[in-house]
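The structure under discussion appears below in the form of structure tokens.
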Amino acid sequence: MQSFIQSLPKAELHLHIEGTLEPELMFQLAHRNGIPLPYPSVEALRAAYDFDDLQSFLDLYYQGADVLRTEQDFYDLTWAYLQRCAEQNVVHVEIFFDPQTHTDRGIEFEVVLNGIHRALEAGRTKLGISSFLILCFLRHLSEESAFATLQQALPHKDKIIGIGLDSSELGHPPAKFERVFAEARNAGFELVAHAGEEGPPEYIWEALQRLKVARIDHGVRCQEDPELVLELEQRQTPLTVCPLSNLKLKVIDRMEDHNLLWLLEQGLLVTINADDPAYFGGYLLENYVACVEALDLSKEQVRQLAANGFKASFLSETDKARWLTVVATSL
Ligand code: HPA
Ligand code: ZN
């Protein structure tokens, strides 16, 4: 089964590039930039990755991102992730970045964007990995800050396919960003949003009806509202589910309790993703393996999940069809 998962071409649709910052690279960049870290060693830092909930993770995640200062830092971060993708046969990625995390501490928007973009181009030419970039607004910040960030993105529409919404979910409902998402839609961006990770089903309804998103990131709490499950099934709105993330952030107590298979059986367009692999203990392959082991998924269910990754992507219909054929014929 592990070699079958390895050999399947896979797409990743829910990945925060800042969440791929491995402790080793964090120490390297801290040293290169002359930044002291509040941990004596890589091991001590890893040991601190013991989270109670989303917020306790976000606190460390934003602290870790402080070592990212130069365009080369963002290039190195992204390139390291793409090399992992190549090792795991992840052939297409749609990754998030959080510009406000960086611009709010004085790093230029273009420093962040160009570093990530150059690495994605190298991934295309040297590794054969196709990619799109999605800019996320931090929902704990104001609507005004999101509008300012959208303005910064407009001259770079050729490098950014979509807009998303992440960070602290509870207390920051999607409706807070209805106007800025409308403007992003008018500008031609694809739209996605985190909803129903820790937040209630109502947040998923809001993301669908008020933000008009094409995909829901996480969305696992839809199960609490049968009408919502039916709506997601009828619309075939993709859910980008992140199993190891849900376990590490205590959305579930045990992987055996994950509702991924239940959602799949309801006919929802469920995909598997890594979220913040450096913090949650696994990249895309490890997320698939954890699900297979805990939920006893069949080979055909794994194939379905891999196919869903391409169906739910922003690839052209031609590219989707090409990958779906490879997935369908993988042995
Ligand atoms: N949820 C919300 N915000 C995030 C996440 C997440 O899983 N990862 C990085 N930022
Ligand atoms: Zn996420």
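Take the Cβ atoms of GLN236 and ALA182, set R0 to 30 Å, and the FRET efficiency comes out at 0.85. For q = 0.08, 0.10, 0.16 Å⁻¹, what log10 I(q)/I(0) does the chain give under the Debye formula with an equal point scatterer on each alpha carbon and no solvent? Values, matching the q order: -0.33, -0.53, -1.53. Each peptide in 45-52, 207-214, 241-248 receives the mean, over its residues, of other Cβ atoms within 10 Å, and ordering these scores from highest gives 241-248, 207-214, 45-52. Modelled spin-label separation between GLN63 and GLU317, with each label point placed 7 Å from Cα along the Cα-to-Cβ direction: 5.0 nm.
Among LEU138, LEU15, LEU230, which one shows the biggest mean-square fluctuation in a GNM of the chain, springs joining Cα atoms closer than 10 Å? Among LEU138, LEU15, LEU230, the largest mean-square fluctuation in the Gaussian network model of the chain belongs to LEU230.
Computed extension gain for PHE147 through ASP52, at 0.36 nm per residue and net of the alpha carbon distance, reaches 31.0 nm.
Distance between the 7 Å Cα→Cβ label points at PHE4 and HIS31: 4.3 nm.
In this Cβ point-charge picture (+1 for Lys and Arg, -1 for Asp and Glu), the range 1-55 has a dipole of about 260 debye about its Cα centre.
Report the relative contact order of the range 2-323, percent, no decimals, based on alpha-carbon pairs under 8 angstrom and at least 6 residues apart.
Here the relative contact order equals 20 percent.
Placing +1 on the Cβ of every Lys and Arg and -1 on the Cβ of every Asp and Glu, with no other charges, gives the chain a dipole of roughly 1080 debye about its Cα centre. Of the cross-linked pairs LYS176/LYS299; LYS159/LYS212; LYS126/LYS248; LYS176/LYS250; LYS176/LYS320, those separated by over 31 Å at the C-alpha level are LYS176/LYS299; LYS126/LYS248; LYS176/LYS320. The label-point distance for GLN83 and SER330, in a model that sets each label 7 Å from Cα toward Cβ, rounds to 2.3 nm. Largest GNM mean-square fluctuation among LYS157, LYS320, LYS126, using the chain with Cα springs under 10 Å: LYS126.
In this structure, LYS126 and ALA214 have a Cβ-Cβ separation that, at R0 = 30 Å, corresponds to a calculated FRET efficiency of about 0.50.
Between MET255 and GLU43, the FRET efficiency from the beta-carbon distance, with R0 = 30 Å, is close to 0.75. Here is the tail figure for the range 161-221: Cα pairs spaced more than 17 Å apart come to 26 percent of all pairs.
Taken together, the values in this text are just the output of simple stated rules run on the coordinates, not laboratory data. Please read these numbers as outputs of a predicted model, since none were measured by experiment. For neighbour counting, all protein chains shown are included, and Cβ atoms are generated from backbone atoms with ideal geometry for every residue, glycine included.
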